[in-house]
Amino acid sequence: MRRHAIGDRTPGLKRGADGSLELVLSHARPDDTANWLPAPAGRFYLILRMYHPQEGVQSWRIPALQASKD
């Protein structure tokens, strides 16, 4: 898979029942790659860009990243 970004037009993303979107960022390819964003081995720099954000986004805080148990 040669994915370098995930956006609103990325095909095949799986959303939660509440509309949330959980992404998997890892160097190792998971069994389910629908929401996977490949990352380099070791440390990397993650950037979130919002184009035409909705009202109230300035008070929104990005949830903390959580390391998986894998």
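The residue of segment 1-20 that is farthest from residue 50 (Cα to Cα), among those that are without any contact (Cβ under 8 Å) to a residue 12 or more places away in the chain and surrounded by 10 or more Cβ atoms within 10 Å (Cβ to Cβ), is 15.
Just for segment 21-63: of the residues that are outside any loop (DSSP other than H, G, I, E, B) and loosely packed, with under 10 Cβ neighbours inside 10 Å, which one is nearest to the chain's Cα centre (by Cα)?
Per the criteria, the residue is 57.
Values quoted throughout were computed directly from the atomic coordinates according to the rules given, and no laboratory measurement underlies them. None of the values given here were measured: they were computed from a predicted structure. Cβ coordinates were reconstructed from backbone atoms using ideal geometry, including for glycine residues, and neighbour counts include every protein chain displayed.
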